[in-house]
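To keep things clear, I will list the structure first and then write my remarks on it.
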Amino acid sequence: MELLIDIVPVVMTGFLAFAAYRLIQRARRISRTWTHGLTAEGRCLRSYTTTSGGGGDTSVHTTLHHVYEFRTREGRTVRFDEENGRSTVVEGDHVTVRYLPECPELATALAPSRGRLAFGTGFGLAVIGLAGAVCVAFIAVTHTMFTAADSMMP
C-alpha cells in the first residue's frame with residue numbers, strides 16, 4: 001500500500017526535475033545567444049495570446065506570443081514563435097533578432113537583460129524546489145506513518 005501512495009510524489013518529483021532541467025537549458029541557450037549570437041533585422045508577422053486556467057475558481061493566465069521572420073547571413077528565411085515578448089511590438093514592426101548560426105530556429109527577439117533572465121530562472125527554480133521539497137516531505141511522512149503503524153500491529 002505504501003508503494004502505491006509514494007508513486008504519485010515520486011513521479012511528480014521526476015517531472016519537477018525535468019522542468020528544472022528545461023528551465024536551466026532555456027536560460028543557458030538564451031544567454032549564449034545574447035553573448036555569441038549573430039544579429040539580423042527581423043519583422044513581426046503577427047502577435048496573439050493564449051490563455052490557461054479559468055476552470056472553477058482559478059485565475060486566468062494570458063501569454064503573449066509573437067511570430068517573427070528574419071533572414072540569416074546565408075540567406076535562409078527563418079520564422080519563429082516567441083513567448084512573453086514586449087507588448088509594444090505589433091504586426092509589421094522591425095526588431096533585432098539574435099540567433100546562433102547552428103540553430104537559427106531557436107532565435108530570440110528579447111533584448112539582452114541578464115538580470116531579468118537570472119531572476120526569472122532563479123524564481124522558477126525556487127518554485128520547483130519548493131514543490132519538490134513538498135513531495136519529498138510527503139514521502140517521508142507517509143513512510144513514517146506506515147512504519148509506525150506496522151510496529152503497532154501484533
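Which shape class applies to the stretch 1-67: rounded if a/c is under 1.5, otherwise prolate when a/b exceeds b/c and oblate if not, where a ≥ b ≥ c are the square roots of the Cα gyration tensor eigenvalues? Kindly include the intermediate steps, with their values, before the conclusion.
On the way: a/c = 5.12, a/b = 1.54, b/c = 3.32.
Taking the square roots of the gyration eigenvalues as a ≥ b ≥ c, the stretch 1-67 is oblate.
Kindly state, as a whole number, the per residue volume in cubic angstrom of the convex hull around the alpha carbon atoms of the chain.
On the way: hull volume 23.6 nm³, N = 154.
Here the figure is 153 Å³ per residue.
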Inset, instruction - Please calculate how many Å² of accessible area the chain carries per residue, with a 1.4 Å probe and no DNA, RNA or ligand atoms counted. - result: 67 Å²
Legend entry - Accessible surface of the stretch 1-103 [probe 1.4 Å, protein heavy atoms]: carbon and sulfur percent: 54 percent
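Sort Leu16, Leu100 from largest to smallest accessible area, using a 1.4 Å probe on the heavy atoms of the protein chains. Please list the in-between numbers first.
Numbers: Leu16 40, Leu100 10 Å².
Most to least solvent-accessible, the answer reads Leu16, Leu100.
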Inset, instruction - Might you report the magnitude of the Cβ-based charge dipole of the stretch 7-154 about its Cα centre, with Lys and Arg at +1 and Asp and Glu at -1, to the nearest 20 debye? - result: 560 debye
Legend entry - Alpha-carbon centroids, the stretch 44-104 and the stretch 132-146: separation in whole Å: 41 Å
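The values are calculated or read from the model by the stated rules, or taken from the named source; none is laboratory data. Being a predicted model, the structure only gives us computed values, none of them experimental. Here the Cβ is made from the backbone with ideal geometry for all residues, glycine too, and neighbour counts use every protein chain on show. Just so you know, the surface numbers come from the protein's heavy atoms only, side chains and all, with ligands and any DNA or RNA stripped out. Shrake-Rupley method; radii C 1.70, N 1.55, O 1.52, S 1.80 Å.
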